[in-house]
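Here the structure comes first, spelled out in structure tokens, and everything after it is commentary.
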Amino acid sequence: MGMDHEADVESSAEAESLVVRDDQSDFPALLDAAKDCRWRGGRLKLVDSGRLSRSELEWLGEAGADLYTSDLVRPALSEIVLMGAAARKGGAAAAFFHHGPFETLEGEARLSFEALKEMGRSGVVLNVSNGRGRREPGALEELAAACASGGTRLVYYHHGLLEAGLERLARAGAWIHLASFALQKEDDVSALCDLAHTAVEAEGNVVLHVEGQLDPTWLSDIFDSGARLLFQTPPSDYRSPQKPFELRAGRQPLDPRSYYLYPSYLL
């Protein structure tokens, strides 16, 4: 889940966005790239490695660059809040990925749980995963509510089977990423559909990462619930009953604020 894949640059002649780390070029070149992407109707997605100063990141945010940082790089609430304000001024967004535990106290190299909530209230998109340790449902619900009050969202990557606490999180407006492994039986599909209905009503949603073949009836029900699907499998043969669903999913791109940097990674 770290920053290994973030060093890659995704661009092509038709691409609408450019993903780059701040240590891949100097500040003037990054500023020009942000302005150029914006002029072309796209977006520069800048990954913070800690190389640039806060003020330089603010300049980039005001120029329209989306800013991506984490507690591993910039565990400073005041800096992240200012970066978020600058990005909003430029019509962009700031996203923060929290890798560590939810701390009670603030420290020089760590952010407290209250600081994370303040970050959400300030409009920064918060991203959290349970991939390296359990996250308490109540704490996640608090973060989602703080984000909603700031006009932003909590993006939560859930590894494992469906849990009762996810319903409360959906009701708070979070965007919840799940792997299709969580669907072990038909009752799980019904529960996921209910979860998606609840999340959509609260301006959130469920993003299902499909990693294998699923029953077409299940896929139809999931689409009807309003959930979003990301197929992580090679494209199916045109005769496959899954092919129409893959095409349908391809016509429904995700809002960039609904994932951290790359949509296909279940972080």
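The values are calculated or read from the model by the stated rules, or taken from the named source; none is laboratory data. Small disclaimer: the values here were computed from a predicted structure and weren't measured. So basically every Cβ, Gly included, is an ideal-geometry build from the backbone, and we count neighbours across all protein chains shown.
Of note:
- Of the numbered criteria (1) touching a residue at least 12 places away in the same chain (Cβ under 8 Å); (2) in contact with a helix residue (DSSP H, G or I) (Cβ under 9 Å, 6 or more places away or on another chain); (3) not small (Gly, Ala, Ser), the one Pro235 fails is (1).
- Residue check for Thr152: under 17 Å from the mean Cα position of the chain (by Cα), in the same structural domain as Pro244 (by TED's automatic domain parsing) and at pLDDT 95 or above: yes
- Of residues in region 213-241 being polar (S, T, N, Q) and at pLDDT 95 or above, the one surrounded by the fewest Cβ atoms within 10 Å (Cβ to Cβ): Thr217
- Hits in region 191-233 - residues which are part of a helix (DSSP H, G or I) and among the β-branched types (Val, Ile, Thr): Thr198, Val200, Thr217, Ile222
- Subset tally (residues that are in contact with a Leu (Cβ under 6 Å, 6 or more places away or on another chain) and within 10 Å of Gly64 (Cβ to Cβ)) for region 34-46: 3
- Given (1) crowded, with 19+ Cβ neighbours inside 10 Å; (2) of a type in the set (Ser, Thr, Tyr); (3) within 20 Å of Asp26 (Cβ to Cβ); (4) out of contact with any helix residue (DSSP H, G or I) (no Cβ under 8 Å at 6 or more places or on another chain), index of the condition Ser53 fails: (1)
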